[in-house]
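A short worksheet on the structure shown next.
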Amino acid sequence: MGELSVSLGLWQDRPSIEALDTALAADELGFARLWIGEMATYDAFALAAALPGRIPLVLGPFAVAVRTPVQIAIGAATVAELTGRTVEVAIGSSSPVVVSAWHGRAAPTPARALAETAQALRTLLDGGRADVDGTVVRTRGYRLRAPAPGGPVTIAAFGPQAVRVAGRYADRMVLNLLPPAVAARLVAGVRDAAADAGREPPRVAAWVTAAVDPDAEAMARLARGVVGYLGVPGYGEAFAEAGFGDLVRFARTGPSPRELLAAVPESLAAAVGAIGTADDVRSRIAEYTAAGVDEVCLVPVATDADPAGRRTLAAVRS
């Protein structure tokens, strides 16, 4: 089995502050890393600086259409110096809802934005002065004043273009909401892209939703968790490849969230997660490892019966 980490669920139908207890559990149970995403709940840098603990942090994926390389580098350096923890960063394209609707930003060419941001970040995080005059990213003259945190640059990738960018520029590629068979294909793709670029392939991590002995509340939360991704480019194609093409096509006709949720079968959450007994979850983790995933990042489902997902995390570690 490869490395086991934890990613905060930041479930939108649970109390936001519960994320702190999930983070504490990850630290107490000795997981390899804590991943802190950013979308609708907390600012990832502020949350990371406020968390007690010692295990390394991976912040992001940050949307490259919303956060500039300088902003990301400053945030990472700030958290690293203030907490004394190892801090790494991840970037991704995010979704039209986040980029265009919430932030009012024009969506750049995703592959170009990822590539140019990754190049600028690599220099900035290593303490250099990034001079990039790209199609999307333009920065000149800035160098971190706080100690440079270094560390790997991670790219969230799903579609073929993003996978190629990860193979060329990333130190790590992270996947989300994918069954092991799809993960295996993307692992092969990023290795081929790295070979074409004449470099060592990046490591691969996968966020995997997890629930040990889930009850009805857990299954409903898992279903709600995938609704927002069904029609998103990249995610939708991955769900279709996993056998849910009809559901993806329905999602792209513009149904209401309630209508779409009603159409989500329990089998979808099971296909892209690790659900069942503790042995079932460990076996599922082994499937991701066999698919070439180096680091499985468990996203524990928080419920009234399993607050902060602590019981799930403890059961997996036992």
So, restricting to helices (runs of 4 or more DSSP H) that lie completely within region 211-318, which ones have at least 1 residues that are surrounded by fewer than 22 Cβ atoms within 10 Å (Cβ to Cβ) and hydrophobic (A, V, I, L, M, F, W, C)? 216-227, 245-251, 257-263, 266-271, 278-290, 310-317
Checking the structure you have, find out if any residue of region 38-48 is farther than 17 Å from LEU124 by Cβ, part of a loop (DSSP other than H, G, I, E, B) and open to solvent by less than 20 Å² (accessible area, probe 1.4 Å). no
Take the residues in region 62-79 that are modelled with pLDDT of 95 or more and open to solvent by 20 Å² or more (accessible area, probe 1.4 Å), then tell me which one is farthest from VAL153 (Cα to Cα). THR78
Conditions (1) under 23 Å from VAL208 (Cα atoms); (2) not in a helix (DSSP H, G or I) -> ALA183 fails only (2)
Counting only residues that are among the small types (Gly, Ala, Ser) and over 20 Å from TRP35 (Cα atoms), region 147-193 contains a total of 8
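Let's see how each residue does on (1) touching a residue at least 12 places away in the same chain (Cβ under 8 Å); (2) in a helix (DSSP H, G or I); (3) farther than 13 Å from ALA77 by Cα:
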{"residue": "ALA107", "(1), (2), (3)": "yes, no, yes"}
{"residue": "LEU114", "(1), (2), (3)": "yes, yes, yes"}
{"residue": "THR117", "(1), (2), (3)": "yes, yes, yes"}
{"residue": "ALA130", "(1), (2), (3)": "yes, no, yes"}
{"residue": "LEU144", "(1), (2), (3)": "yes, no, no"}
{"residue": "ALA148", "(1), (2), (3)": "yes, no, no"}
{"residue": "THR154", "(1), (2), (3)": "yes, no, yes"}
Answer yes or no: is there a residue in region 129-142 that is of a type in the set (Phe, Trp, Tyr), within 25 Å of VAL232 (Cβ to Cβ) and either in contact with a Lys or Arg (Cβ under 9 Å, 6 or more places away or on another chain) or open to solvent by 10 Å² or more (accessible area, probe 1.4 Å) (or both). no
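Here's the yes/no breakdown for (1) at pLDDT below 95; (2) in contact with a helix residue (DSSP H, G or I) (Cβ under 7 Å, 6 or more places away or on another chain):
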residue: ARG224; (1), (2): yes, yes
residue: VAL227; (1), (2): yes, yes
residue: GLY231; (1), (2): yes, yes
residue: GLU241; (1), (2): yes, yes
residue: LEU247; (1), (2): no, yes
residue: ARG258; (1), (2): yes, no
residue: LEU268; (1), (2): yes, yes
Residue, least open to solvent (accessible area, probe 1.4 Å), within region 80-96, restricted to residues that are under 19 Å from TRP207 (Cβ atoms) and modelled with pLDDT under 95: GLY92
Every residue from region 107-118 that is open to solvent by 20 Å² or more (accessible area, probe 1.4 Å) and either closer than 12 Å to ALA63 by Cα or modelled with pLDDT of 95 or more (or both): ALA107, PRO108, PRO110
Identity of the residue in region 158-181, open to solvent by 20 Å² or more (accessible area, probe 1.4 Å) and over 15 Å from the mean Cα position of the chain (by Cα), that ends up nearest to ALA120 (Cα to Cα): TYR169
Identify all residues within region 233-270 that are β-branched (Val, Ile, Thr) and either over 23 Å from the mean Cα position of the chain (by Cα) or closer than 23 Å to PRO300 by Cβ (or both); write none if there are none. THR253, VAL264
Of everything in region 217-265, what is closer than 14 Å to PRO179 by Cα and of a type in the set (D, E, K, R)? Give them in sequence order. GLU237, GLU241
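The values are calculated or read from the model by the stated rules, or taken from the named source; none is laboratory data. Remember, predicted model here, so these are calculated numbers, not experimental data. Neighbour counts run over all protein chains shown; Cβ positions are idealised from the backbone, glycine included. Ligands, DNA and RNA are excluded from the accessible area calculation, which covers all protein heavy atoms including side chains. Shrake-Rupley method; radii C 1.70, N 1.55, O 1.52, S 1.80 Å.
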